[in-house]
Amino acid sequence: MIGLLLIVLLIGGGLVFPTWTPGIKGSNSVSILKQITINGTRQEVMIRGMDRSNPLVIFVHGGPGVPETPYVRKYQNLLEQNFTVVQYDQRGSGKSYHFSEDYSNLTSELLVEDLLTLTEYLEQEFGQKKVLLIGHSYGTYIATQAVSKAPDKFSAYIGIGQTANWVNSELESLQFMIDQARLAGNNAEAEELEHLREPVTTGDAISPRDKISKYGGSVRQIDDITDLFKGLLFGTEYNLLDAVRFFKGNSISELNLQPELSEHDITELVDHMDIPVYFVMGKYDLMTSVSEARKYLDELEAPYKEFVVFDQSAHYPQFEEKEKFAQWLNETWAKLPQ
C-alpha cells in the first residue's frame, strides 16, 4: 500500500509540477517560458538568449503538432549566443493544447495568423522592426505563407526541410523505401509498401514515417525519439500533464492539418517572396524531398535565394550538425541588409 501510494503521489506531482526554462548568465540575458494570448487562445512561448538586444529568430515547428520545446535547448545553445531564439507551441499543440477548447476548425490559415500576431508581439516587446523567420518541416508550410502575406515583418526566410510538391515528395520517399526493402531481401515489406502507391498518389496517405526512420531518412546523427521522451518526462519545460497535451494535440493536429498539404500545394500557394530566401536541407532527408525543394526554389521568385545542403544530416540539420548550422546562420545573418 505504501509503494502504491508513493507511485500515485509521484504521478500526481508530475502532472502538476511547475515548469520553467533555466536561466542564462548575463545582465541582459533573457530566459522566458510563458503563455501569451494570441488571437483568442493561450499559446506557450519560450524565449532564450545571451543578450535580449540580439536579433530575434522565430522557429516554427513541424509535425503537424510536434513542438520541439521539450528538448530543443540542447541543440540551440550556440544560437543563443548571438540571437534571441523564440520557440513556440502552435495552437492546439503541446502546451498550447487546452482540453476545454474546440480544435475542429484548426487550419493552416489560423496558424499563419497566429504566427503573424506573435511576430508583432515580439517586435514590440523587444523593440525590433523585423525578425528572422525559420520554419522546419511542416512549419515551412506555415512560415512560407506568413512571409508571402506579410514580408515587411521579416528580414529573411529560412526553410529547413522545406515542403514543396507534397505528393511528389511522398512518392519519392515511398520508392526509396521500396528499393531499400528489396535490397535487404525483405520482399514482403516491399510489397506492403507498394500497396500504398495509389493512396499516396491521390493524397489520401503518406509514406510511413517509421519506415523512413528505419532507412535513415529521418535522422542520422541524433536520436530524436529519445530526446523527445527525455524532454517530456524529465525536462523542466514540460510536466506529465503537458506530455498528455503533447500527444493529444499531435493526433488532432495531424487529423485536421495533414490533408491540406496535398489539397493546397505550397508551390501553388506561394510562387514569390519579397525577402531573401534560403532552403536548408539534409542530404539524406526523406521526410521532405531534397530534389522537390530544389525544384521549388528554382521556380520561386525572390530578390535573393540560396539552396544549402548539409552532407551529414537527414531531416534535422539544425540539430544533427548544430555547430555547422550555427556558424552558417551567423555568417548568413552578417551578409543580410540590416
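Each reported figure results from applying straightforward, stated rules to the coordinates on display, with no laboratory input. Please read all numbers here as calculations on a predicted model, not as lab measurements. Neighbour counts are summed over all protein chains in view; Cβ atoms, including those assigned to glycine, are modelled from backbone coordinates with ideal geometry.
Data overview
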| quantity | calculated |
| --- | --- |
| Charge dipole (the chain, unit charges on Cβ, about Cα centre) - positive-most of GLN87, ASN187, GLY216 | GLN87 |
| Local electrostatic count, ILE212, Cβ distance below 14 Å [Lys/Arg +1, Asp/Glu -1] | -3 |
| ASP179 paired with GLN312, simple spin-label distance in nm, labels 7 Å along Cα-to-beta-carbon | 2.5 nm |
| R0 of 56 Å, Cβ-Cβ distance SER27-GLU268: FRET efficiency to nearest 0.05 | 0.70 |
| FRET efficiency for THR226 and LYS283, using Cβ-Cβ distance with R0 set to 25 Å, rounded to 0.05 | 0.65 |
| ILE266, ILE32 arranged by Cβ crowding within 10 Å, fewest neighbours leading | ILE32, ILE266 |
| The chain, helix-only ellipticity at 222 nm - DSSP H runs n ≥ 4, -39,500 (n - 2.57), divided by all residues, nearest 500 | -14000 deg cm²/dmol |
| Inter-part distance where segment 228-245 and segment 14-61 are each reduced to a Cα centre, Å | 16 Å |
| Extreme residue, positive dipole direction of segment 148-288, given options ILE158, LEU240, VAL280 (C-beta unit charges) | LEU240 |
| Net length gained if the chain between THR37 and LEU336 were fully extended (0.36 nm per residue, minus Cα distance) | 104.5 nm |
| Rounded to 5, percent antiparallel among DSSP beta bridges of the chain | 35 percent |
| Candidates GLY62, GLY23, GLY235: whichever shows maximal mean-square fluctuation once the chain is modelled as a Gaussian network with Cα springs under 10 Å | GLY23 |
| Mean Kyte hydropathy of -0.5 or more with a Cα span along the axis of at least 24 Å, helices from DSSP in the chain | 108-126, 166-183, 240-263 |
| Point-charge dipole on Cβ atoms (K/R +1, D/E -1) for the chain, about Cα centre, debye to 20 | 1380 debye |
